[in-house]
1. What ranking do Thr156, Thr169, Thr181 get, fewest neighbouring Cβ atoms within 10 angstrom at the top?
2. How large is the Kirkwood hydrodynamic radius of the range 49-225, counting all unique pairs of alpha carbons, in Å?
3. Given the options Gly168, Thr139, Val189, identify the residue whose Cα lies farthest towards the positive end of the charge dipole of the range 49-225 (+1 on Cβ of Lys, Arg; -1 on Cβ of Asp, Glu).
4. Pull out the extension gain between Asp232 and Gln109, defined as 0.36 nm times the separation in residues minus the alpha carbon to alpha carbon distance; nm, one decimal.
5. If we restrict to alpha carbons, what Rg and Dmax does the range 156-206 come to, in Å?
6. With charges set only on the Cβ (+1 for Lys and Arg, -1 for Asp and Glu), what does the dipole of the range 166-234 come to about its Cα centre, in debye to the nearest 20?
7. Only four residue types carry charge here, +1 at the Cβ of Lys and Arg and -1 at the Cβ of Asp and Glu. Report the dipole size of the range 49-225 about the Cα centre in Debye, rounded to the nearest 20.
8. Relative contact order of the range 49-225, please, whole-number percent, based on alpha carbon pairs below 8 angstrom and at least 6 residues apart.
Amino acid sequence: MNVQVFKILVFGIALYIGRPTIYADESITRFPVSGPLQSMVLEKDMTPNDTLPRGWIDMQVLDSDVQLDIRYATPNNFVNEVLYPCGRCILREQVAKALESVHASLREQGFGIKVFDCYRPLPVQQKLWNKVPDARYVTPPAKGSMHNRGAAVDLTLTDAKGNPLDMGTGYDFFGEEAYHTYTDLPEEVLQMRALLRKEMEEQGFKHIRTEWWHYSFQEQQYDLADFLWPCDGI
Ligand SMILES: [Zn+2]
């Protein structure tokens, strides 16, 4: 067997071993986080994005001006625990492109965006549920949230210099002051909430009534996913 044929054969075997497995009963797509395929395809000059499953993208690879404050990668969240190995905003490509358009429009008006959470692996959803088994605050993992599908983003507005603006409550504030229907707030706060909502909805995102920071992209139904993103090279 010549060397070229041998290489193709080995690569073919690695592709077969590394293929995503679809679990029909749960409709969860599992991707290997390590293994022969990954070690073969990783090259020194690849960006972190190249290690993600097909159809997913790192938001900052698409738009490096999007600011991150990924709270589940720190203890600064409502369960006071670090749940992600590192803070990255991973989204389905179509969702990330819609968010890029939102950002471009806001930037023209002198604003920016800061992101608190994007794709959330299903095992992390389970951890949150174990801590807070209350469907008012955490989506049950059996159902799965839009974050578990890579189709939701939690974010706030900033000024042109990146300073977060007053939105009335902090992130993950569970109370009616965070509702879109709550209007007993300063006029500037109401205007900022309305601006974020208008810009997001124009690009296909939908709001939910109880969280001013949460938007889901619902033009397509995506499967639940459970891969963890790599932290090398960031
Ligand atoms: Zn959310």
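Rule-based calculations on the coordinates, nothing more; no lab input. Since this is a predicted model, take the numbers as computed values, not measurements. Quick reminder, even Gly has a Cβ in these numbers, built from the backbone with ideal geometry, and neighbours come from all protein chains shown.
1. Least crowded to most crowded, the residues run Thr181, Thr169, Thr156.
2. On the way: mean 1/r = 0.0609 Å⁻¹.
It is 16.4 Å.
3. Thr139
4. Numbers: separation 123, 0.36 × 123 = 44.28 nm, distance 3.51 nm.
Net length gain for the segment: 40.8 nm.
5. 11.2, 30
6. Numbers: 5 positive and 15 negative charges, 36 e Å.
Around 180 debye, computed over the range 166-234.
7. It comes to approximately 620 debye.
8. Values: 288 pairs, mean separation 36.3, N = 177.
Worked out over the range 49-225, it gives 20 percent.
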